[in-house]
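Nothing in this text is a laboratory measurement; each read-out follows from the coordinates by a stated rule. On a predicted model such as this, the values are computed, not experimentally measured, just so you know. Here the Cβ positions follow ideal geometry from the backbone for every residue, glycine too, while neighbour counts run over all protein chains shown.
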Amino acid sequence: MRQILLLSILSSMYLLSACENETNQTEKEIVDIVGFWEGTYTTDGRPDLEPQYLNLLIKSDGSLTAEGSYLSGIRINIGTWELDGDILKFQVSNVYGGEVPNPQVGTATFDPQGRLEGRIVNLSGTGSVKFEMVKRK
């Protein structure tokens, strides 16, 4: 009888620890939108251009910095962001390289496993881009 009781207790402890480990792993895999994201973008209507790099630094204070390349030049944009469910929305203006201020708006789908996919539109009417990013660890 003692052996059955001991076996029952050990089995229960094992199951509880397995559930706890699964919960901890799930929590570790979920990615916060705040942080450094890196990826590439393609310019709509310009299939002749290779994908360009794009980095986003999303800060917890609601600010965002975007750095990217375009035809061998670097462009830096700063602005604000918000997250509505799984949709990232941001507005930035160019502060370095290219036309200044060249306001832009972006939207992206945020995947809590560490992916962003979306579009950026130049409000000056000069075009739009599609981007894909992953969060840097």
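Using a Förster distance of 22 angstrom, determine the FRET efficiency expected from the C-beta separation of THR80 and ARG46, and round it to 0.05. Don't jump to the answer; show the numbers that get you there.
Numbers: r = 28 Å, r/R0 = 1.26.
Given R0 = 22 Å and the Cβ-Cβ separation, E is 0.20.
Taking 0.36 nm per residue of sequence separation and removing the Cα-Cα distance, the ASN122/VAL34 pair yields an extension gain of 29.3 nm. Using the Cβ-Cβ distance between ASP111 and SER72 with R0 set to 35 Å, the FRET efficiency from 1/(1 + (r/R0)^6) comes to roughly 0.70.
THR80 sits among other residues whose Cβ lies under 12 Å from its own Cβ, and their net charge, with Lys and Arg +1 and Asp and Glu -1, is 0.
When you filter the GluC sites (Glu not before Pro) in region 21-110 for DSSP loop state and at most 16 other Cβ atoms inside 10 Å of their Cβ, you are left with GLU99.
Give the order of GLU132, GLU50 when sorted by the count of other beta carbons within 10 angstrom, beginning with the fewest.
Values: GLU132 15, GLU50 9.
Listed from fewest to most nearby Cβ atoms, that is GLU50, GLU132.
Its Cα centre serving as origin, region 36-84 has a Cβ charge dipole (Lys and Arg +1, Asp and Glu -1) of approximately 160 debye.
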